[in-house]
Amino acid sequence: MNETVKPNPITVEVIRNSLESAVAETGATISKLAHSMLFAECKDFSIGILTADAELLALAQYIPAHQGGMKTNADAILRVIGKENLFPGDVIMTNDPYLGGLHGQDLLLMKPLFFDGELIALAGCVAHRTDMGGMSPGSLCLGATEIYQEAIRFPCVKLVNRGVVNDDIMRIYLANIRMPQDQKADTTAQLASLDQCERAVLAVVKKYGLKTYKACVKEILDISERRARLEVEKIPDGTYSFCDYTEHDSVEDRDWAVRGTMTVSGSDISVDFTGTDPQALSLINCAPYSHIPKTWQSLMYWADPSIPKNQGLYRPFKSITAPKGTIVNPNFPAPVGASPTDTAGVILDAVLTAFTKACPERGWATWSNCNSTTTFYGTNPETGKQIIYSALDGLAIGGGARANADGWPASQVEASSMMIPSIEVTEQNVPLRYVKREFVTDNAGDGKFRGGTGVIVEYEVIAPMTFSYISIRNRHPSPGAQGGTDGGPQWAKLVTAEGEETALPQKITNVKVKPGDHIIVCNAGGGGFGDPKERDPELVRRDLEDGFISKEKAEKVYNYRKD
Amino acid sequence: MNYRYQESGAISTLKEIVKGESILPRKFMIGIDVGGTFTDGVAVDETGKVYIAKSSSTKGDPTIGVLNTLRKLAEQSGERIETFVPQVGRFVYGTTVATNALLERQGREIALITTKGFKDQLNLRRIRRDNGYDLRAAHPEPFVSRHHTYEVTERVDFKGNVLMPLVEKDVMATARKIEQAGIASVAVCLLFSFLNPEHERKVREILYRELPGIQVSISSDVCPEIREYERTSTVAINAYLTQTVQSHLEKLEKALADLGLTAKLQIMQSSGGVTASKMITDRPVNIFLSGPAGGVVASSYIGALDSKKEKPNIIAVDMGGTSFDMTLLTGCEIPLSVRSVIHGWDIIVPTIDIQTIGSGGGSIAWIDAGNGLHVGPQSAGSTPGPVSYMQGGEQPTVTDADLVMGYIDPNYFLGGEMILNKEKAEEAIEKLADQLGLNMVEVASGIYSIVNECMLGGLRVATLQRGHDPRDYTLFVFGGAASIHVPDFAAELGIHHIIIPRDASVFSAEGLTISEIRFDYTKNISRNTAELTIEELMEHYQELIAKGNQDLAETDIPEEDRYYCLRADMKYPGEFSEFIIDISDCTHSIQEAVDCFAEYHKAQYGYAEDEMPDIVNIRVSAFGRMRKPKFARMGSQGKDSGHAWKKTRNAYFHELNGMIETNVYDGTRMISGNQVSGPAIIELPTTTIVIRPEQFCFVDEYSNFNIICNTEDRNDE
């Protein structure tokens, strides 16, 4: 076949889908083998295949920020190690936020794939690990003012060298993290998934031949770019501003603005974060590379969802400017442990509001990416084993109302492959008992279309434990759009066995709890869209009947009168 | 006792059984399959002769359609229905009644009872969104409204111990509310009921007492497995379907009994195995995919008939009036899953992995505000049906377009039994053509191409998106309209070979006659193998086997035809997902089962752990062997099809840009070895095959039609 001949479109589709299903199936493997609930029940991990030049190629439905971060990580691997020093059987381990990662808790293992001695692709598996060391279990180190106090960093090191596990690295790793045994099993699962991914990719290359494979890969990226540019052309040319806030960095209780503009010109987009507040002292800073994939993602969510997700989709971004020393691009050695659900989440929320400003008829009110995280640590009285458990019930956030529909009841945008834990599975593994997990009346933003309703969760503590809680969207809940009101705030409180009630700040750690204490966590409601007075009275009646809104709200906000 | 059984190997092991002395039907084996548009019937007599019949489905009361089809089968076999029915030795029924009830929300409102604090499981769906990247997607409305979800105070812990006894007055109060709301079916799912079902049973008992005649589905009966959301979804679907399915089956059984049927009515389940009708009345969720299952069973069986050849990879596609179903049978194996998401709903009962899109012969063509032509998703179904049926349909459908294009002979529809009105179809399509400023035949061809594109997209998802290369598969095409459409686009997927069974339009009904009896049971034991003796384990299995034994006995399966498959959901301590392991052959010692798991883990994932694994659930599938019809085989009788030539007719081929005088062949006269080159049309009484230009068709030794497509070669160097 001649290089210049366009590949057969069926073959392009076959190869694209084979790679994506390799990615999907690899994920099924890791979630079956892993020993932590974060992997297995909640699926806080992602797989991706990148080209030999570190362009995103096949992603399937995982966590888009993880995958975008995989690209900035892979760039660092090629920069730090160099293509010429990668060999078949190598696996690179990296989690350094200053080398492309999202935060130290996300451990990326990346395997270079070779065919006939030629580097043809990079397969990556990144997982939010139960613990990566540092001064707090779970590695969310509240109060940290330098990254040295957070997760131990592996700056693109070879965990596996030509098929042989580097025992020195493994020992350093296991010596610096909590619960090394389970974590070793999770690492094994990550390695197994990469092997599986490698087999699948090489089978595809073998079946179609390297030349055809390469031609198809180029076409796969080009198709996504063409389709993405058509979508950008639909947005009126102009400059659209955005502004949203992050709160409480665990040292200072104040707000930081994420400000900027999005400029659309033809099929190009430029985003500029000039005007954003200076960096924070503690862990809510956005990891220095994260603003790039977070900005990319805004287009991914805005554009036709059927466009294959790969680097081509992001090519319309002509420039992304983030001034150094701001909360979206901090200077070393600022801590960044809470980046994904704090400032990085706000970046995505904020940039998306600019799209809705540009095209309100296709837009939506804010559906926040900033979920709260409650992490428990202690000893399981049943097994005597140490536990570190991140309760991901915080993901059940009310969706933003859309231009023509109510918001999704409760879900999370970014964590599109993640699920809230099964109550029964959790109780079998962690000394917690759920008292409730249900929707909160009047928690949604009001509008012609109302936001989704966030979820409230109440846990009863069964054995002595310690917990931490991190959150934002309390003073600045999910904004409404086009006349809709903001969603309900996120908050948490502790009620002791003796009945003493304490409201918790947005960041708190090392809270000791005993059997009989209750912890109550309420998630954000989605923003409303359009004027509430225009809401169909029949929808108001149903919301009232179903208990999503109260009688008072129906009457006051929606002018509802029961006939 | 024989435990040996391979999952989804039911069909391949059956060949040996054909000779076996199993229950002998008296004379006829009947399969009746109710689809969205037609009710299909197959009768096989003791010599292996096959009779087929078809009549319109009667949506309001499907029994009428069943009896109409039965009457036709009787006539075909030279009997009257009164003399025919008493001679039936086996009667298997497949039905879409459950699917339709859920998809079209036909069922009456139900109530759901949950543990206090946990009423929103169904709405939350554990926050899963089917397309995570589509933030504009509609939320699937749950079929139990929040105000009919009631909470009761009670709590069982993760070991099955009662923390808080059930507050009975909560249940009584709920009963009053249910009564006031006029609700007749209730689903109950309480936390940890798979470990301790007492509270669920008590709730049911109180509801029975307080509300005579109420239907109650409890999760510990329907699907006693861990994970509260998945269990709630399954039991709620069960409750939702109960009334519709029950009243339908009662009516049907009575009608058949009145006609003198002595054989017990059997129903196809989603698992591809059949069961006695009475076993389904409180487990309607098990027949959620009853309709399409028969065709999959038949594809698997027929695909593997030639024992000399390697078992082929098959994509079974069924195009009916309202839907297009696709199933991938790699190596002829029926793909089964214990956790499925069907039409967006989670179900944890064994189910064939069938994918469906809403395109069919009844799909309606319409024009949007911007003058764009669309087909579906609305369907005219069987009532009012396509315009040409003259039953009141006014909007043109895919079938009308097929008629206008000359593919269907208006005087030979259902073998001439139903006369279609071509002029009416033309008028209806003409209206669209006027709006679009095109000529009528062009619009008909546009409708044809659009619906084909939808089906092509569905097949892409079913194959490519799951990592299967469609070029490695043979298409099995059945259902009335499929062979008019599928040959047009198979080549675009690179599919080379299409098989159209001779009885394509009633293939699902045919599958019913070759299916086996199957029951599935699950029990949660949650034990580590280090502290479990083989005696204890087998005691648990014996409990389920005893249930199977009893159910098989009640289905009149003699002991020698009963066999069991034993499986265990196993995992290493620390792992959160269970792997389903067939341990039918590993029941001599615990170590044997442990090794069996370790081997599987190693083979699949490259390693096994050192620890002793846990067994979470145990599963028993109980099978009853049934006698299979024999299929005649014939050597080649020569290529020439001249004897089957009927006439020529003008038909539209977009490849040739116009109406072409096309040869029409009588398919009933084509025999093994005969060939026809496209463009051509082959007519059978209930099936029409359109062979595209550059394709050719031959009849194989089992009398099935095979189309060979001209596909471009791969880009292999």
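The values are calculated or read from the model by the stated rules, or taken from the named source; none is laboratory data. Note that this is a predicted model, so its numbers are computed, not measured. Methodologically, a virtual Cβ is constructed for each residue, glycine included, from the backbone with ideal geometry; neighbour enumeration extends over all protein chains shown.
Of all positions in the range B:447-466, none carries a residue that is in contact with a Gly (Cβ under 9 Å, 6 or more places away or on another chain) and among the polar types (S, T, N, Q).
Scanning the range B:105-124 for residues that are more than 8 Å from every other protein chain (Cβ to nearest Cβ) and not β-branched (Val, Ile, Thr) gives B:Arg105, B:Gln106, B:Gly107, B:Arg108, B:Glu109, B:Ala111, B:Leu112, B:Gln121, B:Leu122. Considering A:Pro293, A:Pro305, A:Pro335, the condition of being surrounded by fewer than 24 Cβ atoms within 10 Å (Cβ to Cβ), at negative phi and of a type outside the set (D, E, K, R) is satisfied by A:Pro305 alone. Just one residue in the set A:Thr509, A:Thr496, A:Thr502 is surrounded by fewer than 24 Cβ atoms within 10 Å (Cβ to Cβ) and modelled with pLDDT under 95; that residue is A:Thr509. Just one of the listed residues (A:Ala60, A:Ala121) is small (Gly, Ala, Ser), within 20 Å of A:Leu191 (Cα to Cα) and modelled with pLDDT of 95 or more, namely A:Ala121. Once the range A:431-468 is narrowed to residues that are more than 29 Å from B:Phe158 (Cα to Cα) and among the charged types (D, E, K, R), the residue that is farthest from the other protein chains (Cβ to nearest Cβ) is A:Asp446.
Listed by position, the strands (runs of 3 or more DSSP E) enclosed by the range B:557-647 that each have at least 1 residues that are in contact (Cβ under 8 Å) with a residue 12 or more places away in the chain and of a type in the set (Lys, Arg) are B:562-571, B:614-624. Sub-6 Å Cβ pairs linking a first residue in the range A:419-430 that is within 8 Å of another protein chain (Cβ to nearest Cβ) and part of a helix (DSSP H, G or I) to a second residue that is acidic (Asp, Glu) and buried (at least 22 other Cβ atoms within 10 Å of the Cβ), at least 6 apart or interchain, are A:Ile423/B:Glu228; A:Glu424/B:Glu228; A:Val425/A:Glu41, ordered by first then second residue. Residues in the range A:297-339 that are farther than 30 Å from A:Thr145 by Cβ and among the aromatic types (Phe, Trp, Tyr): A:Tyr301, A:Trp302, A:Tyr314, A:Phe317. Taken over the range A:75-100, the criterion of being in contact with a strand residue (DSSP E or B) (Cβ under 8 Å, 6 or more places away or on another chain), more than 17 Å from A:Gln190 (Cα to Cα) and surrounded by 18 or more Cβ atoms within 10 Å (Cβ to Cβ) is satisfied by A:Ala76, A:Ile77, A:Leu86, A:Gly100. Among the numbered conditions (1) within 14 Å of chain A (Cβ to nearest Cβ); (2) touching a Phe, Trp or Tyr at 6+ places or on another chain (Cβ under 7 Å); (3) touching a residue at least 40 places away in the same chain (Cβ under 8 Å), the only one that B:Leu102 does not meet is (1). Checked against (1) surrounded by 23 or more Cβ atoms within 10 Å (Cβ to Cβ); (2) assigned to a strand (DSSP E or B); (3) more than 14 Å from chain B (Cβ to nearest Cβ), A:Ile472 passes all but a single condition, namely (2). Going by the conditions given, is A:Ala410 farther than 26 Å from A:Trp256 by Cα, more than 11 Å from every other protein chain (Cβ to nearest Cβ), surrounded by 24 or more Cβ atoms within 10 Å (Cβ to Cβ) and hydrophobic (A, V, I, L, M, F, W, C)? When the stated conditions are applied, A:Ala410 does not pass them.
Only residues that are within 16 Å of A:Thr295 (Cβ to Cβ), out of contact with any helix residue (DSSP H, G or I) (no Cβ under 9 Å at 6 or more places or on another chain) and among the polar types (S, T, N, Q) were counted in the range A:347-378, giving 1.
B:Lys630 passes every criterion in (1) surrounded by fewer than 17 Cβ atoms within 10 Å (Cβ to Cβ); (2) within 14 Å of chain A (Cβ to nearest Cβ); (3) out of contact with any Phe, Trp or Tyr (no Cβ under 9 Å at 6 or more places or on another chain) apart from (2).
Select from the range B:194-231 the residues that are within 20 Å of B:Ile287 (Cβ to Cβ), in contact with a strand residue (DSSP E or B) (Cβ under 7 Å, 6 or more places away or on another chain) and assigned to a helix (DSSP H, G or I) and list them in ascending order. Those that are within 20 Å of B:Ile287 (Cβ to Cβ), in contact with a strand residue (DSSP E or B) (Cβ under 7 Å, 6 or more places away or on another chain) and assigned to a helix (DSSP H, G or I): B:Ser219, B:Glu230, B:Arg231.
Being hydrophobic (A, V, I, L, M, F, W, C) and more than 7 Å from every other protein chain (Cβ to nearest Cβ) is the filter here, so list the residues in the range B:127-149 that pass it. Across the range B:127-149, the qualifying residues are B:Ala137, B:Phe143, B:Val144.
Counting only residues that are part of a strand (DSSP E or B) and of a type in the set (A, V, I, L, M, F, W, C), which one in the range B:303-319 is surrounded by the most Cβ atoms within 10 Å (Cβ to Cβ)?
B:Ala316
From the list B:Leu191, B:Leu241, B:Leu249, the one residue that fits, being surrounded by 18 or more Cβ atoms within 10 Å (Cβ to Cβ) and part of a loop (DSSP other than H, G, I, E, B), is B:Leu191.
Check the range B:651-659 and report whether any residue there is assigned to a loop (DSSP other than H, G, I, E, B), touching a Ser or Thr at 6+ places or on another chain (Cβ under 8 Å) and either at pLDDT 90 or above or of a type in the set (A, V, I, L, M, F, W, C) (or both). Looking for residues that are assigned to a loop (DSSP other than H, G, I, E, B), touching a Ser or Thr at 6+ places or on another chain (Cβ under 8 Å) and either at pLDDT 90 or above or of a type in the set (A, V, I, L, M, F, W, C) (or both), one finds none in the range B:651-659, hence no.
Taken residue by residue, the range B:403-419 has at least one member that is surrounded by 23 or more Cβ atoms within 10 Å (Cβ to Cβ) and without any contact (Cβ under 8 Å) to a residue 40 or more places away in the chain.
Taking the criterion of being surrounded by fewer than 22 Cβ atoms within 10 Å (Cβ to Cβ) and part of a strand (DSSP E or B), the residues of the range A:433-455 that qualify are A:Arg433, A:Val435, A:Lys436.
Can you tell me which residues in the range B:275-288 are within 20 Å of B:Ala316 (Cα to Cα) and either out of contact with any helix residue (DSSP H, G or I) (no Cβ under 7 Å at 6 or more places or on another chain) or assigned to a helix (DSSP H, G or I) (or both)?
If the condition is that a residue be within 20 Å of B:Ala316 (Cα to Cα) and either out of contact with any helix residue (DSSP H, G or I) (no Cβ under 7 Å at 6 or more places or on another chain) or assigned to a helix (DSSP H, G or I) (or both), then B:Ile287 is the only one that fits.
Identify the residue in the range B:38-68 that is in contact with a helix residue (DSSP H, G or I) (Cβ under 9 Å, 6 or more places away or on another chain) and among the polar types (S, T, N, Q) and, among all such residues, is surrounded by the fewest Cβ atoms within 10 Å (Cβ to Cβ). So the residue we want is B:Thr58.
Yes or no, residue by residue, for (1) part of a strand (DSSP E or B); (2) away from chain B (no Cβ under 14 Å):
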position	(1), (2)
A:Ile307	no, no
A:Lys318	yes, yes
A:Pro323	no, yes
A:Pro335	no, yes
A:Pro340	no, yes
A:Ile347	no, yes
A:Thr374	yes, yes
A:Pro381	no, no
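Against the test of being in contact with an Asp or Glu (Cβ under 9 Å, 6 or more places away or on another chain), touching a residue at least 60 places away in the same chain (Cβ under 8 Å) and either crowded, with 19+ Cβ neighbours inside 10 Å or away from every other protein chain (no Cβ under 14 Å) (or both), the options B:Ala444, B:Ala462 yield a single qualifying residue, B:Ala444.
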